[in-house]
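The values are calculated or read from the model by the stated rules, or taken from the named source; none is laboratory data. Just so you know, these numbers come straight off a predicted model, no measurement behind them. Counting neighbours? That spans all protein chains shown, and the Cβs are built from the backbone with ideal geometry, glycine included.
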Amino acid sequence: MKKLYSFLKISMVLIAIVSTYHSYAISSKKDSILLVGKIFNNEERVKDVVINVFDHNLKIKTIKVKSSNFVRTYLPKNTILTIEITAPNFHDKRFMFDSHVPDKLTKLPGYEFDMDIFSIEELSGVNTSLLDFPVGLVKYNSKKKIFIRDKDYTKRMKKLYFQLLEEAQMSERGTLKDD
């Protein structure tokens, strides 16, 4: 029985290695943009995260992140993408990624992000329709030769998100006072 268990364990490790290598080989195309990110809630790791990548309105990729909050994937260049971050018991969050780059560019820069997502409990009692809008816009900056987020847009959205969180906290306090 121990031999069977050991064999199964080794087989599973080999399958994981081969599938990881295979997905890396498929994804690491020369004409792709590396996207690396961390997803958390109030500095805590979020489990069972699913990242959906949409090219315009067509879902082109789904990445499942089980126990780690770290995601690494490749994105196609020269299109408009929506990156949607979901997890059980959390509100979805999105950002837009304009992957257009100059044709003459040979080495494509990657993009790193950190995303704090709200739990459903955190925003209970408030209208969360604001969360349907992207929290950020990312595009290539020809002067800096990197992908950057639109700081003005992100700042405005962050302010609205904090107002939403504050409203939820006020709503919770009001409910507690009524009890």
**Report entry** Checklist (1) under 20 Å from Phe40 (Cβ atoms); (2) in contact (Cβ under 8 Å) with a residue 12 or more places away in the chain; (3) of a type in the set (Phe, Trp, Tyr) applied to Phe162, failing item
**Finding:** (2)
Report summary line: For region 1-33 the number of residues that are touching a strand residue (DSSP E or B) at 6+ places or on another chain (Cβ under 6 Å) and modelled with pLDDT of 50 or more is 2
Query - Extreme residue, nearest to Val36 (Cα to Cα), among residues of region 62-76 that are over 12 Å from the mean Cα position of the chain (by Cα) and either modelled with pLDDT of 95 or more or small (Gly, Ala, Ser) (or both) - result: Tyr74
